[in-house]
Amino acid sequence: MGAILFNAFSFLQKKLREKNIPYSNVTIPFQEGQRISDILEIMEIHPDEIEGVFVNGKIAPKETPLSDGDRIGAFPPGTPGPYRLLLGIVTKGDHED
């Protein structure tokens with residue numbers, strides 16, 4: 001058994017803090033076959049509470065298989081910043097009226 005490192009960002013931190021769930025540099029035991037969605041479940045995060053997840057610095061779908069030592073960062077919808085466009089979460093056309 002290994003471990004992964006989990007971090008929540010922005011408004012998601014407040015939600016986890018209110019549930020007394022750690023959200024920064026959390027070491028989670030890893031078992032072969034786990035996916036991002038499994039980690040979100042362990043952290044009591046509903047998929048609708050997530051806009052995107054980074055695995056080792058790259059945006060990844062929630063069904064991405066994980067490996068021992070992976071670093072996961074989750075952020076909620078509405079988090080401000082240009083990363084949303086740069087990472088392809090939204091497109092330039094999404095912002096046009």
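What to note about this one:
- Qualifying positions in the range 60-80 - outside any strand (DSSP E or B) and open to solvent by less than 60 Å² (accessible area, probe 1.4 Å): T64, L66, G69, D70, P76, G78, T79
- The set of residues from the range 8-45 being open to solvent by 30 Å² or more (accessible area, probe 1.4 Å) and part of a helix (DSSP H, G or I) comprises F11, Q13, K14, K15, R17, E18, S37, D38, E41, I42.
- Members of the range 46-59 found to be of a type outside the set (A, V, I, L, M) and either surrounded by fewer than 17 Cβ atoms within 10 Å (Cβ to Cβ) or touching a helix residue (DSSP H, G or I) at 6+ places or on another chain (Cβ under 9 Å) (or both), listed by number: H46, P47, D48, E49, E51, G52, N56, G57, K58
The values are calculated or read from the model by the stated rules, or taken from the named source; none is laboratory data. Small disclaimer: the values here were computed from a predicted structure and weren't measured. Cβ: placed from backbone, ideal geometry, glycine included. Neighbour counts: every protein chain shown. Just so you know, the surface numbers come from the protein's heavy atoms only, side chains and all, with ligands and any DNA or RNA stripped out. Shrake-Rupley method; radii C 1.70, N 1.55, O 1.52, S 1.80 Å.
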